[in-house]
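Quick note: the coordinates plus some simple rules give every number you see, no bench work behind them. Since this is a predicted model, take the numbers as computed values, not measurements. Here the Cβ positions follow ideal geometry from the backbone for every residue, glycine too, while neighbour counts run over all protein chains shown.
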Amino acid sequence: MAQMIKVKLVRSPIGHPQKHRRILKALGLTKLHKTRQLYATPTVLGAIRKVIHFVELEVTDGK
């Protein structure tokens, strides 16, 4: 089973490319300081890598 990670939106995507805004929406990060707990799959990690300058990451134990 994949490890869990917490992703928090800490920077506004206003004024940045539409592609970055779509990726954040797909990750479920629609408002500032919103946190989502996601599985660390290759797809999710690839999406996070594209918008790493907007988010903070924290590895959790999955509970």
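Among Gln18, Gly46, Leu32, flag the residue with its Cα farthest along the positive direction of the charge dipole of the chain, charges on Cβ as +1 for Lys/Arg and -1 for Asp/Glu.
Gln18
Based on DSSP H runs of at least 4 residues, each adding -39500 (n - 2.57), what is the mean residue ellipticity at 222 nm of the chain after dividing by all its residues, to the nearest 500 deg cm²/dmol?
The per-residue figure over the chain is -8000 deg cm²/dmol.
If amide H atoms are built 1.01 Å from N in the plane of the peptide, which residues on other chains or at least 5 residues away come under 5 Å of the amide H of Lys34?
Here Leu9 satisfy the definition.
Tell me the Rg and the Dmax, in Å, that the Cα atoms of the chain produce.
11.2, 37
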